[in-house]
Amino acid sequence: MSNSDLLQRSLAAVWHPCTQMKQHADAVAALPMVPIARGQGVWLYDFDGHRYLDGISSWWVNLFGHCNPRINAALRQQLDELEHVILAGFTHRPVIELSERLAALTGHTLGHCFYASDGASATEIALKMSFHSWHNRGRHEKQEFLCLAGGYHGETVGALAVTDVALFKDAYGPLIRPAATVPTPDARLATDGETPIDVARRAAAGLETHLEEHHARIAALIVEPLIQCASGMAMYDPEYLRLARGLCDRYEVHLICDEIAVGCGRSGTFFAHQQAGIKPDFLCLSKGISGGYLPLSIVLTTDAVYDSFYDDRLSRGFLHSHSYTGNALACRAALATLDIFADDRVIDANRLLAAQLADCLSPLADHPQVRHLRQRGMIAAFDVVSDDPQFSQRFYRQALANEILLRPIGNTVYFMPPYVISAEECAFLAARAIAALDAALSE
Ligand SMILES: *Cc1c(COP(=O)(O)O)cnc(C)c1O
């Protein structure tokens with residue numbers, strides 16, 4: 001089997017995500033589709049013997065490398081015990097243990113775990129639960145949601161209602177009942193003399209103005225804590241979360257923390273909202289929680305929300321389900337992932353790793369076409385000054401030619417490597433990214 005054979009078959013039979021398929025068909029040589037044969041640690045290998053360092057953890061999901069021996073072993077064991085069972089009326093050890101351990105990680109403030117298979121479904125669940133919880137408490141007028149400018153919460157029709165990324169949303173406008181959008185605390189919006197905290201306060205003032213007028217109809221505010229990833233790694237000060245939590249309390253609005261991307265250590269703490277010292281009413285997890293192995297998402301919530309559904313009447317229950325809810329293999333992969341966090345003291349170890357990454361990327365600060373070099377935990381990013389509409393494709397292609405997988409969002413190049421990347425691999429990733437940048441800019 002060779003790359004070109006598989007590439008042609010894939011283009012004929014597989015409709016790839018987030019892709020204009022014609023770009024691949026028109027320019028197979030210019031924008032290659034890369035068939036991957038195997039993965040090992042941070043490396044992906046194709047069928048022609050090329051390798052690529054996975055600098056984006058395969059769309060932000062892979063935390064501990066491809067084919068991680070510890071997760072593999074846990075899954076092998078689980079395969080021989082139970083692959084899956086209906087979670088209505090039945091339960092199993094992996095789902096119980098995972099729920100207990102996640103609740104413990106929230107200090108037992110979010111003690112109830114609801115399961116689904118992907119991030120967008122977790123968003124839908126949090127929105128439905130918030131609305132339904134208010135409804136069960138007689139607050140029938142609370143039917144609307146608030147989201148941040150540039151926020152991303154998934155691409156199903158309900159999740160698009162709280163997503164503010166034109167590329168994903170505009171085509172489906174007529175289908176969507178859009179939420180109101182309040183200002184983003186993105187630190188890049190600082191005007192002369194403003195600090196990131198000033199920007200956070202300014203954005204929170206905008207939230208307050210909106211809540212003052214509309215709070216009676218608003219069920220929940222949904223945010224990506226500290227980093228708005230999908231709209232270009234917009235980073236912001238934790239002060240915003242503190243102020244937003246206070247305003248949500250004052251105006252009786254739920255706070256949903258969507259940590260699908262920033263959870264599981266990505267931001268430097270296990271949950272990003274911990275850096276603000278706040279507690280959300282809902283916490284959405286997915287992506288890294290299964291180590292990048294299997295589709296799994298979880299919505300954690302409070303006793304107050306849970307109790308509002310607990311009743312003799314069926315209709316007051318949360319009658320939501322997905323076929324693979326609480327899949328045993330996915331939960332077991334998540335347990336193995338949490339074991340690695342505990343056994344290897346990953347949050348502590350990542351502090352050193354994040355400093356190494358910053359060090360390797362520091363030459364970019366002086367690059368004439370680089371702006372806003374920024375980092376929080378294990379996410380680093382910079383913006384490229386270029387009016388070439390093809391920049392992101394050019395960079396992507398040059399990166400592959402340099403044996404690294406990086407996939408810019410518009411003019412933002414970002415790094416989200418697996419936590420098993422070595423100091424040497426960090427240096428390789430940074431050096432090759434700089435080479436790819438210069439090659440893309442001079443094309
Ligand atoms: C990726 C992502 C989602 C959607 O998750 P899917 O599994 O792709 O549906 C939702 N919210 C955030 C913050 C994300 O990064």
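The values are calculated or read from the model by the stated rules, or taken from the named source; none is laboratory data. Quick caveat, the model's predicted, so the values are computed rather than measured. Methodologically, a virtual Cβ is constructed for each residue, glycine included, from the backbone with ideal geometry; neighbour enumeration extends over all protein chains shown.
Yes or no: ALA272 small (Gly, Ala, Ser) and under 30 Å from HIS66 (Cα atoms)? It is true that ALA272 is small (Gly, Ala, Ser) and under 30 Å from HIS66 (Cα atoms). Every listed requirement among (1) over 19 Å from the mean Cα position of the chain (by Cα); (2) surrounded by fewer than 17 Cβ atoms within 10 Å (Cβ to Cβ) is met by ILE347 save one, (1). Contact annotation: residue pairs with Cβ atoms under 6 Å, 6 or more positions apart or on different chains, pairing a residue in the range 240-267 that is closer than 23 Å to ALA122 by Cβ with a partner that is of a type in the set (Phe, Trp, Tyr), are ILE256/PHE282; GLU259/PHE271; ALA261/TRP60; GLY263/PHE271. Taken over the range 2-52, the criterion of being on the phi > 0 side of the Ramachandran plot and out of contact with any strand residue (DSSP E or B) (no Cβ under 8 Å at 6 or more places or on another chain) is satisfied by CYS18, GLY49. For the range 228-254, the candidate set comprises residues that are within 16 Å of the ligand (Cβ to nearest atom) and assigned to a loop (DSSP other than H, G, I, E, B); within that set, the residue that is surrounded by the fewest Cβ atoms within 10 Å (Cβ to Cβ) is GLY232. Residue selection: SER99 fails the criterion of being at pLDDT 95 or above, among the polar types (S, T, N, Q) and within 16 Å of the ligand (Cβ to nearest atom). Restricted to the range 255-310, and to residues there that are in a loop (DSSP other than H, G, I, E, B), over 11 Å from the mean Cα position of the chain (by Cα) and of a type in the set (A, V, I, L, M), the residue that is nearest to the ligand (Cβ to nearest atom) is LEU296. When every residue of the range 204-224 is checked against the conditions, at least one turns out to be of a type outside the set (A, V, I, L, M) and crowded, with 24+ Cβ neighbours inside 10 Å. Reported count of residues in the range 414-428, each being more than 16 Å from the chain's Cα centre (by Cα) and either basic (Lys, Arg) or under 11 Å from ILE56 (Cα atoms) (or both), is 0.
When the range 273-290 is filtered for residues that are crowded, with 24+ Cβ neighbours inside 10 Å and either without any contact (Cβ under 8 Å) to a residue 60 or more places away in the chain or among the charged types (D, E, K, R) (or both), the ones remaining, listed by number, are HIS273, ASP281, LYS287, ILE289.
The residues of the range 130-155 that are assigned to a loop (DSSP other than H, G, I, E, B), away from the ligand (no atom under 11 Å from the Cβ) and out of contact with any Gly (no Cβ under 8 Å at 6 or more places or on another chain), listed by number, are ARG137, GLY138, ARG139, HIS140, GLU141, LYS142, GLN143, ALA149. Scanning the range 48-98 for residues that are of a type in the set (Gly, Ala, Ser) and within 30 Å of VAL413 (Cα to Cα) gives GLY49, GLY55, SER57, SER58, GLY65. Under the condition of being farther than 25 Å from ASP311 by Cα and free of Cβ contacts under 8 Å to residues at least 24 places away in the same chain, the residues counted in the range 112-160 number 2. Taking GLY158 as the residue in question, decide whether it is more than 17 Å from the chain's Cα centre (by Cα), within 14 Å of the ligand (Cβ to nearest atom) and not charged (D, E, K, R). Criteria met by GLY158. Of the set (1) among the aromatic types (Phe, Trp, Tyr); (2) over 22 Å from ILE409 (Cα atoms); (3) assigned to a loop (DSSP other than H, G, I, E, B), all apply to TRP15 but (2).
Mind listing just one residue for me: the one in the range 27-77 that is hydroxyl-bearing (Ser, Thr, Tyr) and more than 16 Å from the ligand (Cβ to nearest atom) and, of those, surrounded by the fewest Cβ atoms within 10 Å (Cβ to Cβ)? This residue is TYR45.
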